[in-house]
Amino acid sequence: MTARIGVVTFPGSLDDRDTQRAIRLAGAEPVALWHKDKDLKQVDAVVLCGGFSYGDYLRAGAIARFSPVMEPLIEQAKAGLPVLGICNGFQILTEAHLLPGTMLRNNHLHFICRDQKLRVENAETAWTSDYTAGQEIHIPLKNIDGQYVADQRTLDELESEGRVAFRYLDVNPNGSNNDIAGVANEAGNVVGLMPHPEHAVEPLVGTGRTDGLPFFTSILKKLVNA
């Protein structure tokens, strides 16, 4: 049976179709989920995609966190449902307290759009198992509220528990604490990052590489082997 991965669309989402295509290229079936849905249509995993949900009013992800679809998502994520948050999706996951820390305006106060070099720090989560720890990859980055911050105790816990999933290399593009580009929850089923792996799945577009595809093949293998 084909794995079914939901992609939530909020008002202001930009990358839902790109994410659905990435899922399809990996061999799974993308399932469109609307922000007003009160159930997840029995999907096997969920991706919260990038964009500017609700226009980033109040702060990025703050309103989307209270959308009807988030109630079953939060409940099922706590029970083990794999969830990936990309850019705005990462911001939503922090607002929902499924991931620690928060996102602030980039330290230089400008929108940034670039190919970003990353190092894979944790290759044991549901979304990163097709990478190897220490692997260096290039993933597109585009945001203005991408500065990851947390209190020192939280940062120490993330580092000591191996829950930093990705780290910026060569340059810290937004002032994120400890060069953190992405983190995971304790169970490893919830992962969030600011760069956009769905834009690095085909040689023709994005970085011209396929460094983002293992996100989607990782979860497919986990679901198939579950």
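If 205, 224 are ordered by their accessible area, calculated over protein heavy atoms with a 1.4 Å probe, which sequence runs from highest to lowest?
From most exposed to least exposed: 224, 205.
Kindly state, as a whole number, the per residue volume in cubic angstrom of the convex hull around the alpha carbon atoms of segment 4-225.
106 Å³
Restricting to DSSP H runs of at least four residues, report the calculated mean residue ellipticity at 222 nm for the chain, -39500 (n - 2.57) per run over all residues, nearest 500 deg cm²/dmol.
-6500 deg cm²/dmol
Mark the label point 7 Å from the Cα of residue 115 along Cα→Cβ and return the residues of segment 192-216 whose backbone N is within less than 18 Å of it.
195-214
Give the long-range amide H neighbours of residue 9: residues separated by 5 or more places, or on another chain, with amide H under 5 Å away, using H modelled in the peptide plane at 1.01 Å from N.
Answer set, sorted by chain and number: 33, 34, 35.
Need the full-extension length gain, residue 205 to residue 169, defined as separation in residues times 0.36 nm minus the C-alpha distance. One decimal, nm.
Separation in residues times 0.36 nm, less the Cα-Cα distance, equals 10.8 nm.
With the contact rule set at Cα under 8 Å and sequence spacing of 6 or more, what percent relative contact order holds for segment 58-205?
Value for segment 58-205: 29 percent.
Which one of 39, 156, 16 has the biggest mean-square fluctuation once the chain is modelled by GNM with Cα springs under 10 Å?
Most flexible of the set in this elastic network: 156.
Sorting 171, 43 by accessible area (1.4 Å probe), largest first, what list results?
So the residues, ranked largest to smallest area, are 171, 43.
Sorted by accessible area (1.4 Å probe), largest first, how do 105, 119 line up?
105, 119
Evaluate the Kirkwood expression for the hydrodynamic radius of segment 50-137, namely the inverse of the mean inverse distance over all pairs of different C-alpha atoms, and round to one decimal in Å.
14.7 Å
Whole-Hz Karplus ³J(HN,Hα) for segment 90-103, in order, using 6.51 cos²θ - 1.76 cosθ + 1.60 and θ = phi - 60°, x for Gly and Pro?
Going residue by residue, I get 5, 4, 5, 5, 6, 5, 7, 6, 7, 10, x, x, 8, 10 Hz, with x marking Gly and Pro.
Cα atoms only, segment 177-226: Rg and Dmax in Å?
Cα-based Rg and Dmax for segment 177-226 come out at 12.8, 36 Å.
Treat each spin label as a single point 7 Å out from the Cα along the C-beta direction, and report the residue 32 to residue 132 distance in nm.
About 4.1 nm, to one decimal.
7 Å from Cα along Cα→Cβ at both residue 59 and residue 178: what's the point-to-point distance in nm?
Going by the 7 Å Cα→Cβ label model, 2.0 nm.
Which lysines, on any chain, are close to residue 38 with Cα under 28 Å apart, when same-chain ones fewer than 8 places away are left out?
78, 221, 222
Can you give me the distance in nm between label points at residue 41 and residue 157, each placed 7 Å from the Cα along the Cα-to-Cβ direction?
In this crude spin-label approximation the distance works out to 3.5 nm.
The values are calculated or read from the model by the stated rules, or taken from the named source; none is laboratory data. Everything numeric here is computed off the predicted structure, so don't read it as measured data. A quick note on method: Cβ atoms are made from the backbone with ideal geometry, for glycine too, and the neighbour counts reach across all protein chains shown. The protein model used for the area step is the full one, side chains on, heavy atoms only, and it has no ligands, DNA or RNA in it. Shrake-Rupley method; radii C 1.70, N 1.55, O 1.52, S 1.80 Å.
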